[in-house]
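The values are calculated or read from the model by the stated rules, or taken from the named source; none is laboratory data. Only a predicted model underlies this, so the values are computations on that prediction, with no experimental measurement involved. Here the Cβ positions follow ideal geometry from the backbone for every residue, glycine too, while neighbour counts run over all protein chains shown. Areas reflect the complete protein model, heavy atoms only, side chains present, ligands, DNA and RNA absent. Shrake-Rupley method; radii C 1.70, N 1.55, O 1.52, S 1.80 Å.
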Amino acid sequence: MKRLISAFLAAVLTALMCVTAFAADVKLVFESSYNADTNSVIVEVYVENPGDMVSADLRLGFDHSVFEYVASGDNSTISDMMVISGLSVANTGLACVSAIFTEKCEDSYLTDGRLRLTTFTFTPLTEDFDINDFCLWAYSYDIGDTDISKSIAAVGNAALKNGKTEAISVAGSDNGSASASDKLNGKWYVYVIAVVAGVAIVAGVAVFAIKSGEKDEKAEKTADENKD
């Protein structure tokens, strides 16, 4: 028995060490540029060395008195990944991007070691602005069944996180959840992305993992049998 317990603890410690190593390698990156022709600031969001990422919910904080959110463009061309981004209507000065893989991130999806997620566009509201005055952090970052977000360093102006670290309330319809479920058909987890229908603004994009697949099918079968 002692040997079994020792072997189990060793396996757990090894798994924890692997997760820690993943977290140490994961790096959030945002690159900003100014377009004088359109008077806009473009912020591109990446994850460097994403590892075996399954899903992630990242947040970009900004000073709403300096920048006005205009739009976001999801840059994913990967068939096994879904990305949704936009402006949180529940938190002032907060943009969000959520990404989900049907399995996990592969090295073949990366360009120069980076996974590109989305591009945010802002309009400066004052002449005194810094194109790098943003903060990017991970609210959730799942590798397998483990969330390593607390081990991933935020980048940028950390003060812009203040008051924006709570869970984002989700409103609106669940358009998009069906396609996410379809892409993850038969998997242990279904990732549901809640978005506001018909507009480019999301009411706080959030990623939720729930048991599905066989469990849902079993529930439906039981319900049908009860009717009969």
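Which percent of Cα-Cα pairs in segment 22-102 sits in each 10 Å bin, short to long?
P(r) for segment 22-102, in whole percents per bin: 15, 46, 31, 8, 0.
Please work out whether segment 36-176 counts as rounded, prolate or oblate from its C-alpha gyration tensor, where a ≥ b ≥ c are the square roots of the eigenvalues and a/c under 1.5 means rounded, while otherwise a/b larger than b/c means prolate and anything else oblate?
Prolate.
In Å, what Kirkwood hydrodynamic radius results for segment 85-136 from the alpha-carbon pair distances?
That comes to 14.0 Å for segment 85-136.
Which peptide among 109-117, 137-145 comes first, and what is the full order, when sorted by highest mean count of other Cβ atoms within 10 Å?
137-145, 109-117
Counting Lys and Arg as +1 and Asp and Glu as -1, what is the net charge of the other residues whose Cβ lies under 11 Å from the Cβ of Ser140?
That works out to -1.
List the residues, sorted by chain then number, that are 5 or more residues from Leu125 or on another chain and whose placed amide H is less than 5 Å from its amide H.
Correct list: Phe67, Glu68.
Please report the net charge: other residues with Cβ closer than 12 Å to the Cβ of Ala99, K and R +1, D and E -1.
-2
With a 1.4 Å probe and all protein chains in place, put Leu58, Leu87 in order of accessible area, largest first.
My answer, sorted largest first, is Leu87, Leu58.
Sum up the charges of everything whose Cβ sits under 12 Å from the Cβ of Leu110, counting Lys and Arg as +1 and Asp and Glu as -1, but leave Leu110 out.
Overall, the nearby charge balance is -2.
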